[in-house]
């Protein structure tokens, strides 16, 4: 184990779990002093009636904070134009509370908006020079904009993480903002709101959570607290993701998945300086507009196949998380068995091992370059490994 | 005005003729001239108004609006009241005998203020509350919402027809109720005008209704109507008691603002110019026809003569006359019946041994003879057991009661079946407030009287009634609370509370 490194455990969210826990949304805003609430979400969730499941609470529990408007222009990926537009909308309507209902794109958009509102900014591009801003203490200061995040996928866990990934649509690059106060002051994990999530999205978002746990576990900055969450969340996902995909109405599995995604993001964001799978997924996602969950789901097991040596230091944790036979101690063998278990899971949830976008030689080279120059890149993966990984992940054109 | 104004009931957003076709005359008490006619309401008229109010309430057209939406309409109503100030003030003075000086200066603005107060206070009262969640014991979300009562009835007297109505309809409407109001039979027209203005300001049809008629028919029908959820009454203690009895059968919410015999305590450290003006203001405001009138003035025995003398000198200078003359300070008594009552009590006072230091007679010279004018009257030589000192007269009659020490003054002040108001004249703030603390009444004024504020509660101790008007408190009187308890352990086998029956 060596000499232990310093680590900081910094979280600012109240997390409430349980079927129906969205009932607390009006109360939490009241406690924070908010009266005029703006909702950030997307059209699909409005049309599916998920948003009204939450906003109706404000009408029923009348006399408290009020929903002044619903901003539903968020599309796949948190695009910067939308972040700027939404921040402007918040200001125009003199809103003093932010209710975020959605998946990763919605929550990342909201985090960008919250950052602009809390820093008197109007253009997220300027706030993220070269598409990235690390704003740890002391640069990351309280944003003083009360928010309640309600995830509708399980998921990114973005509701409580200090990371926001936004798409610079002009440069086709995903930009990162790391800031200790951009997450929701309150996260309500209500499985009733994920019951209608279709199997394919349930699978992709569940694999995103698994990706967080594995990347958090394999990072050289993982710490003893983060590993507890990584390890446990992997076990929960292996057990519950197939249930949630096969029977979307399985409330218990849905709840477990929401909790696991929340735990996985904690393990990830409190101990993952290195996240090569996310680096690749961001580049692929920005270049080809592939949803993040799907990208992570395909890339992480591919990385374990093509770059297993990276996982050797965490083999002991992988063995625990994937319940590998304790008699097996060879790290490479453990990594292979863990990967096999992931492939089995992907099979159980009908998830392809390849992207649906065929690439030719030039296309593969472009992707490799995008990976190498992605703003989130923290480690150089040897180019031949990247080439073989990309070739494996995309069908031949 | 030579022509007689003709009014109808205001029901479901429109002028509605009375079922019987019979009318009642409304007169100017200064001249006894008939100035208006209103329908003589029947039980069926009341039924119709209540049915419309109930339908409006159940439809949610008003009750389901947000507080902000209702506030916006009430503020528009408030503005429209001010825009109609001249007309409303004139009609109010014409029919109630209130001086035009007062209705222009105070009454119309007070109606507007009652609406504004309801809006403003609604932003301060707890509309949504929460009990503690016990996450490790019985996790549940317990919230408390404030909801309207339903259909309210407001029965108002003839002394301040608009203000006392506004103190009822403003909070009732703010909290989402529908209301059916009955004005006094002799002063019905300004409330009809207000209901129409409310409708023009955007209050939906059926939410605000007015039925005119007698107390014994319309008032009784409202107080006992099964579809009425709450009765708010301002008037005499005797009638208030009857209203409470009638409402009791239906377990209606009731607020009563009733009679008074308020004391005015002059302490020996008072400024006598202030004290004497205060005692006059206390009993002559609106010719003494005010429930909180200060009609028992308690003075240090050794200062009695000086105070009475100063007071009489000031009273002599007050112009008494037609209320529509802006120079008039004191107008007529509102009705022949009330004039009769005043004269009866003055006779009783004299018979029981009190002496008249000033006034005591009906005024009949010249134009006075056409109306119900009575001299401001000051009794001395009174004790607190005399009939005219104990009972409410509702006229320009002051009773002077000497005392020897402050404790005795407080004891006399509190020795009354009433407890509506009290005032203290003193130049020592601490001493005055100690006395105020010991007075058993709903309002105590120091160096003033009659100072009712839209943003402070008004109501009685003892037989002066219960419930409060104005302030934030009145909004509670027109709403009720609902506790919703939402168990967050949906798995019956894990829910600890069911263990009590052995269910798990």
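Taking region B:405-432 as the range and being in contact with a helix residue (DSSP H, G or I) (Cβ under 6 Å, 6 or more places away or on another chain) and either at positive phi or assigned to a loop (DSSP other than H, G, I, E, B) (or both) as the test, only B:426 passes. The condition of being closer than 24 Å to residue A:180 by Cα and away from chain B (no Cβ under 14 Å) holds for only one of A:47, A:10, A:16, that being A:10. When we screen A:372, A:344, A:356 for residues that are within 19 Å of residue A:304 (Cα to Cα) and at pLDDT below 95, the only hit is A:372.
Which residues, counting only those in region B:139-175, are within 13 Å of another protein chain (Cβ to nearest Cβ) and not in a loop (DSSP other than H, G, I, E, B)? If you could, list the steps in order and put the result at the bottom.
Pass one, region B:139-175, residues within 13 Å of another protein chain (Cβ to nearest Cβ): B:139-148, B:174-175.
Result: B:140, B:141, B:142, B:143, B:144, B:145, B:146, B:147, B:148, B:174.
If you go through region B:36-46 and keep only what is under 25 Å from the mean Cα position of the chain (by Cα) and either in contact (Cβ under 8 Å) with a residue 60 or more places away in the chain or over 30 Å from residue B:363 (Cα atoms) (or both), you end up with B:36, B:38, B:39, B:40, B:41, B:42, B:43, B:45, B:46. With the structure loaded, tell me whether residue A:215 is under 14 Å from the mean Cα position of the chain (by Cα), in the same structural domain as residue A:127 (by TED's automatic domain parsing) and part of a helix (DSSP H, G or I) or whether it fails that test. No.
Could you tell me whether residue A:51 is in contact with a strand residue (DSSP E or B) (Cβ under 9 Å, 6 or more places away or on another chain), over 15 Å from residue A:82 (Cβ atoms), modelled with pLDDT of 95 or more and crowded, with 16+ Cβ neighbours inside 10 Å? When the stated conditions are applied, residue A:51 passes them.
Looking at the structure I just gave you, is residue B:335 at pLDDT 95 or above, in contact with a helix residue (DSSP H, G or I) (Cβ under 8 Å, 6 or more places away or on another chain) and closer than 28 Å to residue B:155 by Cα?
Details: at pLDDT 95 or above: yes; in contact with a helix residue (DSSP H, G or I) (Cβ under 8 Å, 6 or more places away or on another chain): no; closer than 28 Å to residue B:155 by Cα: yes.
Criteria not met by residue B:335.
In region B:353-374, is there at least one residue being under 27 Å from residue B:258 (Cβ atoms), surrounded by fewer than 23 Cβ atoms within 10 Å (Cβ to Cβ) and out of contact with any strand residue (DSSP E or B) (no Cβ under 7 Å at 6 or more places or on another chain)? No, that holds for no residue. Against the conditions (1) within 14 Å of chain A (Cβ to nearest Cβ); (2) assigned to a strand (DSSP E or B), residue B:444 satisfies every one except (1).
Can you find even one residue in region B:120-134 that is within 14 Å of another protein chain (Cβ to nearest Cβ), crowded, with 24+ Cβ neighbours inside 10 Å, more than 17 Å from the chain's Cα centre (by Cα) and in contact (Cβ under 8 Å) with a residue 12 or more places away in the chain? Within region B:120-134, none of the residues are within 14 Å of another protein chain (Cβ to nearest Cβ), crowded, with 24+ Cβ neighbours inside 10 Å, more than 17 Å from the chain's Cα centre (by Cα) and in contact (Cβ under 8 Å) with a residue 12 or more places away in the chain. Being within 14 Å of another protein chain (Cβ to nearest Cβ) and under 23 Å from residue A:113 (Cα atoms) holds for only one residue in A:92, A:31, and it is A:31.
Would you check if residue B:102 is within 14 Å of chain A (Cβ to nearest Cβ) and in a helix (DSSP H, G or I)? No, not satisfied. Reported count of residues in region B:462-494, each being more than 11 Å from chain A (Cβ to nearest Cβ) and without any contact (Cβ under 8 Å) to a residue 24 or more places away in the chain, is 4.
Just to be sure, is residue A:163 within 15 Å of residue A:262 (Cα to Cα) and either out of contact with any helix residue (DSSP H, G or I) (no Cβ under 9 Å at 6 or more places or on another chain) or in contact (Cβ under 8 Å) with a residue 40 or more places away in the chain (or both)? Talk me through it step by step, then tell me what you get.
Values: within 15 Å of residue A:262 (Cα to Cα): yes; either out of contact with any helix residue (DSSP H, G or I) (no Cβ under 9 Å at 6 or more places or on another chain) or in contact (Cβ under 8 Å) with a residue 40 or more places away in the chain (or both): yes.
Answer is yes for this residue.
Taking the conditions exactly as written (within 14 Å of another protein chain (Cβ to nearest Cβ) and either in contact with a strand residue (DSSP E or B) (Cβ under 8 Å, 6 or more places away or on another chain) or not in a strand (DSSP E or B) (or both)), does residue B:87 satisfy them or not? Quick ask: steps written out before the conclusion?
On the way: within 14 Å of another protein chain (Cβ to nearest Cβ): no; either in contact with a strand residue (DSSP E or B) (Cβ under 8 Å, 6 or more places away or on another chain) or not in a strand (DSSP E or B) (or both): yes.
So residue B:87 fails the test.
Taking region A:250-350 and the helices (runs of 4 or more DSSP H) fully enclosed by it, the elements with 3 or more residues that are under 19 Å from residue A:376 (Cβ atoms) are at A:251-269, A:276-288, A:292-306. Is at least one residue of region A:104-119 in contact (Cβ under 8 Å) with a residue 40 or more places away in the chain and surrounded by fewer than 23 Cβ atoms within 10 Å (Cβ to Cβ)? For region A:104-119, residues in contact (Cβ under 8 Å) with a residue 40 or more places away in the chain and surrounded by fewer than 23 Cβ atoms within 10 Å (Cβ to Cβ): present. Among the residues that make up region A:236-252, is at least one of them at pLDDT 95 or above and within 18 Å of residue A:314 (Cα to Cα)? No, there is no match, as no residue in region A:236-252 is at pLDDT 95 or above and within 18 Å of residue A:314 (Cα to Cα). Quick check, is residue A:243 part of a helix (DSSP H, G or I) and either without any contact (Cβ under 8 Å) to a residue 12 or more places away in the chain or more than 26 Å from residue A:78 (Cα to Cα) (or both)? When the stated conditions are applied, residue A:243 passes them. Evaluating residue A:197 against the criteria (1) within 17 Å of residue A:74 (Cα to Cα); (2) part of a loop (DSSP other than H, G, I, E, B) leaves one unmet condition, (1).
Within region B:447-464, at least one residue is outside any loop (DSSP other than H, G, I, E, B) and on the phi > 0 side of the Ramachandran plot.
The values are calculated or read from the model by the stated rules, or taken from the named source; none is laboratory data. As the structure is a prediction and not an experimental result, all values here were calculated from the model. Methodologically, a virtual Cβ is constructed for each residue, glycine included, from the backbone with ideal geometry; neighbour enumeration extends over all protein chains shown.
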